[in-house]
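Asker: The structure is given below, and queries will be raised subsequently.
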Amino acid sequence: MQLAVRYSTSYRYEHQAARHVQLLRVTPNSFSGQNVLDWRVDVDSDARLREHRDGYGNIVHMLYVDRPVEGLTIDVSGRVLTDDRAGIVAGLPNDLPHQIFLRTTPLTEAHGSLVTLAHALAGHDRNPRDLLHHLVERLHLRMRFDTEATAVGTSASEAYEAGHGVCQDYAHIFCAVARFLGIPARYVSGHLFRRDGLNVQPATHAWAEGWCPDLGWIAFDPTNGICADDAYVRVACGLDYRDAAPFSGTVEGGGRQSMDVRVEVQQTRQRQMQRQQ
């Protein structure tokens with residue numbers, strides 16, 4: 001399907017911020033099943049943007065605002081043509097060897113109940129693909145989605161013990177268990193077209209990819225209990241949230257600050273009309 005994405009992030013400061021430096025991971029790559037038709041990043045201040053690729057192959061923009069500002073708004077928009085490939089991810093530019101994604105991080109270490117879960121899954125002698133499908137089913141049934149339960153620094157084990165969290169936590173737990181069992185897994189950030197009609201969302205989405213020897217990378221969304229399909233726009237990946245976060249950076253001065261995020265993902269009218277014909 002053809003999806004239109006509009007993603008706005010606004011910062012407001014108590015006092016003027018003297019300098020603003022941000023790292024943006026907001027631009028998707030084209031690969032098999034995802035073709036970026038057009039994409040742009042706009043800033044409402046006099047700013048410099050420098051584009052490069054990071055070590056994971058993500059498109060990264062460094063944003064510099066060198067004059068005092070009372071606020072900053074970054075608008076991201078574009079159109080992407082997606083196909084349902086049953087979760088299979090292939091043809092990524094500058095992809096890394098899958099073994100790199102066996103590495104754990106403080107956010108994706110398996111402890112306590114996660115180790116118990118991993119042993120329970122492995123005890124059924126499943127192949128990696130079946131095992132990951134069962135992992136997704138377990139997480140979807142056991143965990144409760146709760147936007148107030150965790151923070152960006154909550155680890156996979158902490159979120160699983162609590163039994164609730166956001167999509168970031170689900171993805172971290174998936175990666176922690178998969179890596180503990182010797183299956184490479186990586187964290188993915190991006191956008192989700194909601195088929196229930198909820199086009200405007202308060203945040204981006206997150207899911208994970210696991211490596212299966214027979215098929216390569218497969219995208220799993222444990223939050224929704226499915227493999228990623230043509231409703232997903234893949235933007236960035238890494239070992240955990242910190243490697244794939246849409247925004248990270250520093251502000252010099254400004255005092256207290258607030259942030260407002262608005263994400264809108266819609267199926268374009270052109271594709272809808274073609275389907276009806």
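Please treat every number below as a calculation from the coordinates, not as lab data. Note that this is a predicted model, so its numbers are computed, not measured. Please note: Cβ atoms are built from the backbone with ideal geometry, for glycine as well, and neighbour counts cover all protein chains shown.
Asker: Per 10 Å bin from zero, what fraction in whole % of the C-alpha pairs of the chain is there, up to the bin with the longest pair?
Answerer: 7, 29, 33, 23, 8, 1, 0
Asker: Here's something else I'd like to know. How large is the helix-only mean residue ellipticity at 222 nm for the chain, computed as the sum of -39500 (n - 2.57) over DSSP H runs with n ≥ 4, divided by its residue count, in deg cm²/dmol to the nearest 500?
Answerer: When only DSSP H runs of four or more count, the value is -6000 deg cm²/dmol.
Asker: Is the shape of segment 88-243 rounded, prolate or oblate, going by the alpha carbon gyration tensor and its root eigenvalues a ≥ b ≥ c, with a/c under 1.5 for rounded and a/b larger than b/c for prolate? Display every interim value, and only then the final one.
Answerer: Details: a/c = 1.41, a/b = 1.08, b/c = 1.30.
Note, shape of segment 88-243 comes out rounded.
Asker: Specify which residue in the list Ala185, Phe220, His52 is farthest towards the positive end of the charge dipole of the chain, using unit charges on the beta carbon of Lys, Arg (+1) and Asp, Glu (-1), about the Cα centre.
Answerer: Checking the options against the dipole of the chain, the answer is His52.
Asker: Same structure, new question: About the Cα centre of the chain, what is the dipole size in debye to 20, counting +1 per Lys and Arg Cβ and -1 per Asp and Glu Cβ, all else neutral? Walk me through the numbers on the way to the answer.
Answerer: Numbers: 28 positive and 33 negative charges, 80 e Å.
Magnitude of the dipole: close to 380 debye.
Asker: Another one. Can you give the Kirkwood hydrodynamic radius for segment 148-212, in Å, rounded to one decimal and based on Cα pairs?
Answerer: Numbers: mean 1/r = 0.0782 Å⁻¹.
Averaging 1/r across every pair of different Cα atoms and inverting gives 12.8 Å.
Asker: Please work out the Cα center distance from segment 15-67 to segment 99-119, rounded to the nearest Å.
Answerer: After rounding, the separation between the Cα centres reads 31 Å.
Asker: Determine the shape class of segment 158-277: with a ≥ b ≥ c the square roots of the Cα gyration tensor eigenvalues, call it rounded for a/c under 1.5, and otherwise prolate if a/b is greater than b/c, oblate otherwise.
Answerer: Working: a/c = 1.91, a/b = 1.04, b/c = 1.83.
In terms of gyration-tensor shape, oblate.
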